[in-house]
Amino acid sequence: MTKTGPGFSTLAIHAGAQPDPTTGARATPIYQTTSFVFNDADHAAALFGLQQFGNIYSRIMNPTQAVLEERIAALEGGTAALATASGHAAQLLVFHSIMGAGDNFVAARQLYGGSVNQFGQAFKSFDWQVRWADCDDPDSFETQIDEKTKAIFIESLANPGGIFVDIAAIAEVARQHGLPLIVDNTMATPYLVRPLEHGADIVVHSLTKFIGGHGNSMGGIIVDGGTFDWSKSGKYPLLSESRPEYGGIVLHQAFGNFAFAIAARVLGLRDFGPAISPFNAFLIQTGVETLPLRMQCHCDNALAVATWLQGQEKVSWVRYAGLEDDPNHALQKRYSPKGAGAVFTFGLSGGYEAGKRLVESLEMFSHLANIGDTRSLVIHPASTTHRQLTSEQQVAAGAGPDVVRLSIGIEDIDDIIADLEQALARI
Ligand SMILES: *Cc1c(COP(=O)(O)O)cnc(C)c1O
């Protein structure tokens, strides 16, 4: 076998970083500065005109942020990346780069609830329409596509149930219609799934979850796969037409296979402004260094918990793709052989009251609305995130009255199970 480059764990620690050239600092410093001094007037002009890369102002670019970008691009196998203040900011900048008023995109219905709101509500004010499809039915994407469609959007491992999606089948639909496939890889992380290897063109993340991994910093990122031809159809004018403010440059011509990451930075981030703080970029970078270790432990612990829950009398069902009898197990084996992630749902035969009682009785688990922390987390969606819905709507969203969602942490497995055991006993 020929070795093609450093392995994943090596990249997670080293990609993008080198000792600081002025001080020798080994860890990437937090460049807590808003702006950067120009060498001379010509240097400043070249930076502003995009003839030369360099730091100007931390809304657009910052050296701490740059290391995080290069590292995630390497882990995903992309050409370049752009870090943002949150996952939602990354999604906004992705769609701003490709959508115009009156355009639409097709998205899987099975998404993080915040994305359902962003696409269905906030994007309406730009006159960007979302059309919903089913993540387990590639044809349902195809039938929604028309001449105003600009992209397809899915999650690789869909919230909240933890369902693996057949990325290659949906990528094929996108390819046949000349559309980019955008994949939210937050729940899987590149340690488990690398969507670009299955035909995706752009990857987005909420770095807030497993990649940062410690529940302490918000962040998002856009990874450019470098695979999509932005000029062919004439449907992506921000990339394929000349930009007067940058001396008439055509971004796709000038930057080739990383033009999308440039467009999101010099048009989207520049004008909307959701830059990640250097401090958050630093904390997230530190998190990335242990991503392979943490993710494997998350998966191993989650499988042990799911298996244990299946044997409990008060538990009526468990949905975890890592279980051999789960309907999603074959897709998990194909796309994510190292494990099925940390987030899954199960049902309590005692229904709504039992769900409330369980979250109140857990001692080590934290009852909160997040995933992807080192700590084990729990939520009862029907009494919290989904309480405004009718019980029919709750069931349709996979958040029926009996449903409990867990995000399994990396504590000792015996302690995780002991906490669930004592809480179940109190129902
Ligand atoms: C949390 C999350 C987001 C949004 O990210 P923020 O960092 O909270 O803005 C998007 N997609 C998925 C799958 C998420 O879990």
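The values are calculated or read from the model by the stated rules, or taken from the named source; none is laboratory data. Note that the structure is a prediction, hence the values are computed from the model and not measured. Methodologically, a virtual Cβ is constructed for each residue, glycine included, from the backbone with ideal geometry; neighbour enumeration extends over all protein chains shown. Ligands, DNA and RNA are stripped out before the accessible areas are found, and what is left, the full protein with its side chains, is counted by its heavy atoms. Shrake-Rupley method; radii C 1.70, N 1.55, O 1.52, S 1.80 Å.
Here is a yes/no grid of residues against (1) in contact with a Phe, Trp or Tyr (Cβ under 8 Å, 6 or more places away or on another chain); (2) open to solvent by 10 Å² or more (accessible area, probe 1.4 Å); (3) in contact (Cβ under 8 Å) with a residue 60 or more places away in the chain:
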{"site": "Glu197", "(1), (2), (3)": "no, yes, yes"}
{"site": "Asp201", "(1), (2), (3)": "yes, yes, no"}
{"site": "Lys209", "(1), (2), (3)": "no, yes, yes"}
{"site": "His214", "(1), (2), (3)": "no, yes, yes"}
{"site": "Met218", "(1), (2), (3)": "no, yes, yes"}
{"site": "Ile221", "(1), (2), (3)": "no, no, yes"}
{"site": "Asp224", "(1), (2), (3)": "yes, no, yes"}
What do you reckon, is Thr385 modelled with pLDDT under 95, under 21 Å from the mean Cα position of the chain (by Cα) and polar (S, T, N, Q)? yes
With the condition kept exactly as written, say whether any residue in the stretch 58-71 is within 15 Å of the ligand (Cβ to nearest atom) and either out of contact with any strand residue (DSSP E or B) (no Cβ under 9 Å at 6 or more places or on another chain) or open to solvent by less than 30 Å² (accessible area, probe 1.4 Å) (or both). yes
Mind listing whichever residues of the stretch 157-188 are closer than 14 Å to Val106 by Cβ, surrounded by fewer than 24 Cβ atoms within 10 Å (Cβ to Cβ) and within 16 Å of the chain's Cα centre (by Cα)? none
For the stretch 174-192, what are the residues that are in contact with a strand residue (DSSP E or B) (Cβ under 7 Å, 6 or more places away or on another chain) and of a type in the set (Val, Ile, Thr)? Ile182, Val183, Thr186
When you scan the stretch 1-77 for helices (runs of 4 or more DSSP H) that lie fully inside it, which ones turn up with 3 or more residues that are in the same structural domain as Val223 (by TED's automatic domain parsing)? 41-48, 63-76
Segments classed as strands (runs of 3 or more DSSP E), wholly inside the stretch 92-200, with at least 3 members that are of a type outside the set (Phe, Trp, Tyr) and within 15 Å of the ligand (Cβ to nearest atom): 181-184
Test for Gly234: is it within 16 Å of the ligand (Cβ to nearest atom), not hydrophobic (A, V, I, L, M, F, W, C) and not in a helix (DSSP H, G or I): no
Against the condition in contact (Cβ under 8 Å) with a residue 40 or more places away in the chain, open to solvent by less than 30 Å² (accessible area, probe 1.4 Å) and either more than 25 Å from the chain's Cα centre (by Cα) or on the phi > 0 side of the Ramachandran plot (or both), how does Tyr246 come out, does it pass? yes
Only unsatisfied item for Tyr112, checking (1) open to solvent by 10 Å² or more (accessible area, probe 1.4 Å); (2) modelled with pLDDT of 95 or more, is (2)
Here are Asp300, Asp325: which of them is open to solvent by 20 Å² or more (accessible area, probe 1.4 Å) and under 24 Å from the mean Cα position of the chain (by Cα)? Asp300
Selection within the stretch 357-405 - open to solvent by less than 70 Å² (accessible area, probe 1.4 Å), charged (D, E, K, R) and away from the ligand (no atom under 16 Å from the Cβ): Asp402
Answer yes or no as to whether Ala89 is open to solvent by less than 70 Å² (accessible area, probe 1.4 Å) and without any contact (Cβ under 8 Å) to a residue 24 or more places away in the chain. no
